[in-house]
Amino acid sequence: MSGGGKAQRGTIFVEDAAVLAQDEYPGQQYVIRLHAPLCAAQARPGSFTHVCCDPAVPMRRPLSIMRASADGGWIELLYKVIGDGLRHLSSRQRGDSVSIIGPIGNSFVAGPGKSRPLLIGGGVGIPPMVFLAESLAADHGAANQTLVLMGSELPFPFQTVASALPVAGVGKEVTHGMPLMEALGIASRLASGSDFSGCYPGFVTELARDCLRAMSDQELAEVEIFACGPEPMLAAVTGLARELDLPCQISLEEFMACAVGGCAGCTVEVQTATGVAMQRVCVDGPVFDARSIYTA
């Protein structure tokens, strides 16, 4: 998955994007839609943008792309207000201009013969899973067998719905999913320790384990895991994938200054065929093979 910065030359753009809409959700969470046709045309599931939240805040913020429409020329970003930068961004209104750099980074790539993708998103790691789910639905249509699991301790940044799509391995009380997934014909379930109605009462990784254990050996052979979320969640997902011998790709979240490979401030240790190497999350990632990051 790691192609490095050279592979992205000519596909990262600086745009003054017009705000098309901004919706607020509980827990100081926002979804902003930006008119950014150059970014939208090249965006892939897993890629992100570097956003100037306000001219008074010099450091940009990396935000994952949650949805993109090449035809409509727009992208959507989900973020939670943490610090002055994102607080400034939350005040932007329709018609305002926001400077972005993007799309940056590599993308999730589904492996051959893996017809049961399992997507696991936690907190602000939900956006890449939404983008990937939409992409898989577009590629596979009615043959799509994707399962999306999302976890959050805050209220979800969408109105949850009781799903009509069955999921094996979950209790009868675990009923709710994401409306967009329902509309796409993709089964989804939610997990939270915050006692939200219709949600699995625990970590999303525990929910994933229950779903995987309910599968036959033949079904497990068709599973590939994709995940994005906080570091403890990614470590647990990798452990689960290792336990069941399943391929797993993860998208890392990391602080970064330039986001285009110049400063090397977002490097992580990656196990390669020739040993341990330092790679940049921004352009060598953010998507990595999970076992190359969590080696034990």
Over the alpha carbons of the stretch 5-104, what is the largest minus smallest coordinate on each principal axis, giving the biggest first in Å? 36, 27, 23
At 222 nm, what value in deg cm²/dmol follows for the chain if DSSP H runs of at least 4 each add -39500 (n - 2.57) and the sum is divided by all its residues, to the nearest 500? -6000 deg cm²/dmol
Enumerate cysteines in the chain without a disulfide-compatible partner, where compatibility requires another Cys Cβ under 4.7 angstrom. Cys39, Cys52, Cys53, Cys199, Cys211, Cys228, Cys248, Cys266, Cys282
Take each complete run of DSSP H in the chain, measure how far its Cα atoms stretch along the helix's own axis, and keep only those covering 15 Å or more with mean Kyte-Doolittle hydropathy at least 0.0; list them. 126-140, 231-244
Bridge type composition, the stretch 172-296 - antiparallel percent by DSSP, nearest 5: 65 percent
Run through the DSSP bridge list for the stretch 140-205 and note the antiparallel percent, rounded to the nearest 5. 25 percent
Only bridges whose two residues both fall in the chain count here: according to DSSP, what percent of them are antiparallel, nearest 5? 65 percent
Starting from the Kirkwood Rh over alpha-carbon pairs, what translational D in µm² s⁻¹ does the chain have by Stokes-Einstein at 20 °C and 1.002 mPa s? 111 µm²/s
Relative contact order of the chain, defined on C-alpha pairs under 8 angstrom at six or more residues apart (%): 19 percent
Quick one: compute a quarter of the convex hull surface over the Cα atoms of the stretch 116-246 and quote it in nm². 7.0 nm²
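Values quoted throughout were computed directly from the atomic coordinates according to the rules given, and no laboratory measurement underlies them. Only a predicted model underlies this, so the values are computations on that prediction, with no experimental measurement involved. Here the Cβ is made from the backbone with ideal geometry for all residues, glycine too, and neighbour counts use every protein chain on show.
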